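Below: the structure, in structure tokens.
The values are calculated or read from the model by the stated rules, or taken from the named source; none is laboratory data. Nothing here was measured: the structure is a model prediction, and the numbers come from that model. Cβ sites come from the backbone with ideal geometry, for glycine too, and all protein chains shown count toward neighbours.
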Amino acid sequence: MSELFEIVNGKVIVTTSTGWRVECLPFGDDLMRAGTALALPDKPQPPTYLLGNPEEDDRQIRVPYTDTSINDSSVPAEDTEAWVEYVVKRNAWQAEVASVQAQQSLMRSRVMVYRATRVLDMPDLKAWAETRENFYGIPTPTDERDILFQFFTGEVAKTQDDILALMAGIMKATGATEEVLDSFEANFRDSLGPQQREDAQGHSEGTSAETAT
């Protein structure tokens, strides 16, 4: 974990993959709680069927149908109809969960950008935005806060490993122990998809090798 950040004059500093040096500030609690005010919707429950010997009521149990079991030829028509209704509800639930999770992710990003970090040697963001717009033809917002957000997410923290290092640095600045940080890193990598995890690990190894040299 310690290779993700460095301590300089008592400050926790992360150098991202694009070379920006970022001071991490002690707002880990806000980072972890960001978005928790948004409640996830209740998950719909699938229709069920009785499993067991009909002659032994005390040994029968109700089992939820699955995408596989619902296609069995013995499934009653009413259960099939109930399943169709459930799938509609499940699809709507999945879409709503994805929407809430996207909002939660945005809120965590806002805490990281606006509250829990400070980019060292920050450039003139107005000039940066004008260059992107006029020289590269990349549309940029006009609001100062939006420009900072675009700069941070587009220039400073571009990889999953950058996010991991910054979150770890913020937690370190907040007072997290090495044991907690190690557990956090493991959980963070476990939360990534296989390709994301492979990319993050590969980037991490590359960074370590460059540091060693």
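Among the residues of the range 142-173, those that are part of a loop (DSSP other than H, G, I, E, B) and more than 19 Å from S105 (Cβ to Cβ) comprise T142, D143.
The listed residues are A39, A127, A82, A102, and the only one of them that is over 30 Å from E23 (Cβ atoms) and part of a helix (DSSP H, G or I) turns out to be A82.
Taking R21 as the residue in question, decide whether it is at pLDDT 95 or above, surrounded by 11 or more Cβ atoms within 10 Å (Cβ to Cβ), under 30 Å from A116 (Cβ atoms) and among the basic types (K, R). Yes: the conditions hold for R21.
Scanning the range 7-18 for residues that are on the phi > 0 side of the Ramachandran plot and out of contact with any helix residue (DSSP H, G or I) (no Cβ under 9 Å at 6 or more places or on another chain) turns up at least one hit. Output the residues belonging to the range 1-36 that are in contact with a Cys (Cβ under 9 Å, 6 or more places away or on another chain) and either part of a strand (DSSP E or B) or without any contact (Cβ under 8 Å) to a residue 24 or more places away in the chain (or both). Once the filter is applied, which keeps residues that are in contact with a Cys (Cβ under 9 Å, 6 or more places away or on another chain) and either part of a strand (DSSP E or B) or without any contact (Cβ under 8 Å) to a residue 24 or more places away in the chain (or both), the range 1-36 yields K11, V12, I13, V14. Please tell me if A176 is over 29 Å from P41 (Cβ atoms), modelled with pLDDT under 95 and assigned to a helix (DSSP H, G or I). So A176 fails the test. Against the test of being loosely packed, with under 13 Cβ neighbours inside 10 Å and closer than 30 Å to A168 by Cα, the options L31, L40, L51, L125 yield a single qualifying residue, L40. Check the range 86-94 and report whether any residue there is assigned to a strand (DSSP E or B) and either surrounded by 13 or more Cβ atoms within 10 Å (Cβ to Cβ) or touching a helix residue (DSSP H, G or I) at 6+ places or on another chain (Cβ under 9 Å) (or both). Scanning the range 86-94 turns up no residue that is assigned to a strand (DSSP E or B) and either surrounded by 13 or more Cβ atoms within 10 Å (Cβ to Cβ) or touching a helix residue (DSSP H, G or I) at 6+ places or on another chain (Cβ under 9 Å) (or both).
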